[in-house]
Amino acid sequence: MAEKFPQTDDPIEIYETILEHEDRDKQALAVGIDHAIKGVGHVVMWANLLLIGAIVTQVTCRYLFNLNFPKLDELQWHFYGLVTMVGISYALVTDSHVRVDLLHIQLSQRAQRIIEVIGILTLLAPFIYLMVDQGYDYFAESLRVNERSNSPIGLPARWAFKAIIPISFVLLGLAALARLIHDAHALFVDAPEERKGSDLRLIVWALLGFAVVAVALTFLVHTTEEKLVIAMFLTFVALLFTGFPVAWTLAGVGVAFCGLAYLFDNGMMNWTGLEETLTGLDYLSLGAVVNRVYATMSNAVLVALPMFIFMGLMLDESGVAERLMSSMQRLFGTVRGGLAITVTMIGIILAASTGIIGASVVLLGVLSLPSMMQQKYSPTLAAGVVSASGTLGILIPPSIMLVIMADQMALSVGDLFMAAVFPGVLIGVLYLSYIFILSLVKRDVAPVPEGATRPDWAAVKDVAIAVLPTLGLILAVLGSIFAGITTPTEASGIGAIGATLLALGYRRLTIRKLVNVLKSTFNTTAYIFAIFLGATIFSYVLRELGGDALIEEMIAGAGFGATGTVLIILFIVFLLGFVLDWIEITLIVLPLMRPIVNGLGLDIPGFGVVDEPALIWFVILVAVTLQTSFLTPPVGFALFYLKGVCPPEIKLTDIYKGIIPFVILQLLGLAFVFLWPELATWLPSVAY
């Protein structure tokens, strides 16, 4: 039965009732949009299984029947493009996008909602409009000429794949609308619990501080374009601290500075006293990023991303880590610091099979921290060991960071995987050595558990049973790449199916767990791809403003020589790691360094067979440096992952103190690779 309006002549009361009814209707609309987008996402995420099937089928046909099907190759990146583009709206609805929580987490819910509303309207909405409008034109032109595959035996109707671009951004627009309705309703109701926490003054003061720094730095350069480059980068960093998602901050700042450059180009900013510019940036030129988005969707190298993510998450569900933990504890039970050594060794094994930092840190923390506290381990050592061991996956292959670096630097994924093996293992050995020595010198930080028994052959057998299947999977993935049998993309599909079979073999795979893995893969791939989208438009505008030339001129003109220049770049990357995530640094900063490094004339041994050994060595140096970004506050993600699962007796200060020795060890490993480049270039040369 419909609700009746109040029987009154009071216009205010009638107006309030009408508003209440309209508000309910809008809330119902927002909830309906949420459910619709989640429903679409829950269907599309199963395309990851089709992607695995397409990869495995292609490899099987090639090696068993000597057949090759280009259509299967194209299907792979069609599935990848579909999953990633639809996933960005799903991640927005589920609030899964990466954000910098340092200040944002201290704000009241009301302040967070205000920031989200402003961010959606000023940063996300212009980007969505651009991509829907220009994306539709891009699709329509493809439809007009009936575009098909470049291969005569490839897939027809290429325009259908390009239609994903405007459709996915329409979905993103609907998701943003739903978020706005939810926020507006909560702000209108203004519940008392929503005001608990800091107000917006914290953010305002932070933004004012960045504005002062930006203005001061612009006096160090001369041209208007250079001033815009500095202002653009600092605006991005400043807005990160509002807590608005990184991807949409990148995209929104890119669109905003494109508009600002257009105003300077056309003499509309003469009142500022700055010279006019000749950037050529305008709405139509900005539409060129649609083609770059399509290139990212159809990138065969990046198809490996969701597969390696799926592989890691499935291994976490398979119970491999629990088996390793219980068996290795028996093996190292009587060794002082044995539990910490066990955690580090499992971290190395997980790193070579997952590469998912959040999953590794959380898993190691849940499995080991309660036992460490029960055995009276030092809270700082316990926190440091788990945090550092969990971050090894970003460096030791198969690493999703190395996949992205290879794409951005136009290098072979296989070369980077091989080049990272020794540096990654070296850092793991440094961790083990530190724990062993510290436990001998300071016996109270890692005592031997009471009642520990000496290991016997049964313990060794248990370890072998737990380790061998995982090592077999690692060998199948990395071995097939290193031997040249499969491409990294094909190996990622083999790894995904191998991890699934392992979970089946351990009788840990259920439909519910499979759905959870697919959801997590869908979400993780989506927010990484969203940052790709934001970085694409940000980098495009930055380059058109002359940002790459400015950075190259500043670094090359410093006069430090080849070695000094590499050290300066690594120092800059290390400092950026305190405030930026590895994804932003990899997508924005790293490509700008390629021409600089190529121009240094570095004499790095390639043993006569490795292409661009200097670039491979440099990328590995950056990768080792970026590993520290997971541990360095205030934006060290491993610290936040750990804090969410650690026992109450481990304080945040314990975590911060605990990571210091491991950051030093990472930098020591960096020094080894810097002084002996062969650590990075020898293994790729052997593979050839």
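Any read-out appearing in this document is the output of simple, stated calculations on the displayed coordinates, not a laboratory observation. Remember, predicted model here, so these are calculated numbers, not experimental data. With ideal geometry, Cβ positions are generated from the backbone for all residues, glycine too; neighbour counts draw on all protein chains shown.
If contacts are Cα pairs under 8 angstrom and at least 6 residues apart, what is the relative contact order of the stretch 11-195 in percent? Numbers along the way, then the final one.
On the way: 160 pairs, mean separation 57.2, N = 185.
Once divided by the residue count of the stretch 11-195, the mean separation gives 31 percent.
So how much slack lies between Ser108 and Leu501, counting 0.36 nm per residue of separation and subtracting their Cα-Cα distance, in nm?
Working: separation 393, 0.36 × 393 = 141.48 nm, distance 4.57 nm.
In short, 136.9 nm is gained.
Between Leu675 and Ser433, what FRET efficiency comes out of the Förster formula 1/(1 + (r/R0)^6) with R0 = 22 Å and r the beta carbon distance, rounded to 0.05? In this case the efficiency is close to 0.75. Does the chain classify as rounded, prolate or oblate by the C-alpha gyration tensor (a ≥ b ≥ c root eigenvalues; a/c under 1.5 gives rounded; else a/b over b/c gives prolate, otherwise oblate)? The shape class here is rounded. Spacing of the modelled spin labels on Leu652 and Trp205, each 7 Å from Cα toward Cβ, amounts to 1.6 nm.
For a distance above 26 Å, tell me the whole-number percent of Cα pairs in the stretch 150-280 that qualify. All intermediate terms of the calculation are to be shown ahead of the outcome.
Values: 4206 of 8515 pairs.
Cα-Cα pairs of the stretch 150-280 separated by over 26 Å account for 49 percent.
Modelled label positions at Ala556 and Val460, each set 7 Å beyond Cα in the direction of Cβ, lie 5.9 nm from each other.
Expressed as a rounded percentage, what relative contact order does the chain have, with Cα pairs under 8 Å and six or more residues apart? Across the chain, relative contact order equals 18 percent. Here each label is just a point 7 Å from Cα along the line to Cβ, and for Arg195 and Ala549 those points are 5.4 nm apart. If only the Cβ of Lys and Arg carry +1 and only the Cβ of Asp and Glu carry -1, the dipole of the chain around its Cα centre is close to 2440 debye. Of Ala562, Leu501, Ile396, whose Cα points farthest to the positive end of the dipole of the chain (charges on the beta-carbon: +1 Lys, Arg; -1 Asp, Glu; origin at the Cα centre)? Going by the Cα projections, it comes out as Leu501. Tell me whether the stretch 11-195 comes out rounded, prolate or oblate; compute the Cα gyration tensor, take square roots of the eigenvalues as a ≥ b ≥ c, and use a/c under 1.5 as the rounded threshold. Judged from the Cα gyration tensor, the stretch 11-195 comes out prolate (a/c at least 1.5, a/b above b/c). By the count of neighbouring beta-carbon atoms within 10 Å, fewest first, Cys646, Cys61 end up ordered Cys61, Cys646.
Considering only the Cα atoms of the stretch 304-687, their convex hull presents on average a projected area of 19.1 nm². Rounded to the nearest whole Hz, the Karplus-based 3J(HN,Hα) values (6.51 cos²θ - 1.76 cosθ + 1.60, θ = phi - 60°) of the stretch 401-409 follow the sequence 5, 5, 4, 5, 4, 4, 5, 5, 9, with x at glycine and proline.
Lysines within cross-link reach of Lys643: Cα-Cα under 27 Å, excluding same-chain residues under 8 positions apart? In chain and number order, the partners are Lys196, Lys376, Lys442, Lys513, Lys519, Lys651, Lys657. Put simply, when 69-77, 622-630 are sorted by average Cβ atoms within 10 angstrom per residue, most first, you get 622-630, 69-77.
With a/c under 1.5 counting as rounded, go ahead and sort the stretch 118-178 into rounded, prolate or oblate using the C-alpha gyration tensor (a ≥ b ≥ c being the square roots of the eigenvalues; past the cut-off, prolate if a/b is larger than b/c, else oblate). Please list the in-between numbers first.
Values: a/c = 3.90, a/b = 2.88, b/c = 1.36.
Prolate.
Please compute the contact order of the stretch 304-687 in relative form: average sequence separation of alpha-carbon pairs under 8 Å and at least six residues apart, divided by the residue count, as a percent. Don't skip to the answer; put the middle values down first.
On the way: 586 pairs, mean separation 106.1, N = 384.
It rounds to 28 percent for the stretch 304-687.
Each residue of the stretch 548-563 is assigned a 3J(HN,Hα), and the resulting list reads 5, 5, 5, 5, 4, 5, 5, 6, 5, x, 6, x, 8, x, 4, 5 Hz, derived from the Karplus form 6.51 cos²θ - 1.76 cosθ + 1.60 (θ = phi - 60°), x at Gly and Pro. Put in order of Cβ neighbour count within 10 Å, fewest first, the listed residues Arg201, Arg99, Arg508 become Arg201, Arg508, Arg99.
Per 0.36 nm of contour for each residue apart, how much would the distance between Asp101 and Val31 grow if the chain were fully extended, relative to their Cα-Cα spacing?
Details: separation 70, 0.36 × 70 = 25.20 nm, distance 2.61 nm.
That works out to 22.6 nm of additional length.
Each of Val117, Trp617, Gly252 was placed along the dipole of the chain (beta-carbon charges, centred on the mean Cα), and the one lying farthest toward the positive end is Trp617.
Once the Cβ-Cβ distance between Phe65 and Ser149 is put in as r, and R0 is 25 Å, what FRET efficiency do you end up with, to the nearest 0.05? With a Förster radius of 25 Å, E is 0.65. What does a probe at Val448 reach in the stretch 310-344, counting residues whose amide N is under 14 Å from the point 7 Å along Cα→Cβ? Residues passing the 14 Å test: 331-339. Considering only Tyr80, Ile128, Leu174, the residue lying farthest towards the positive end of the dipole of the stretch 11-195 is Tyr80, judged by Cα position with unit charges set on Cβ. This ranking places Leu29, Leu642 by how few other beta-carbon atoms lie within 10 Å of each, fewest first, which gives Leu29, Leu642.
Here's how it looks for Leu107: its modeled amide H is under 5 Å from those of Ser198, which are all 5 or more places away or on a different chain.
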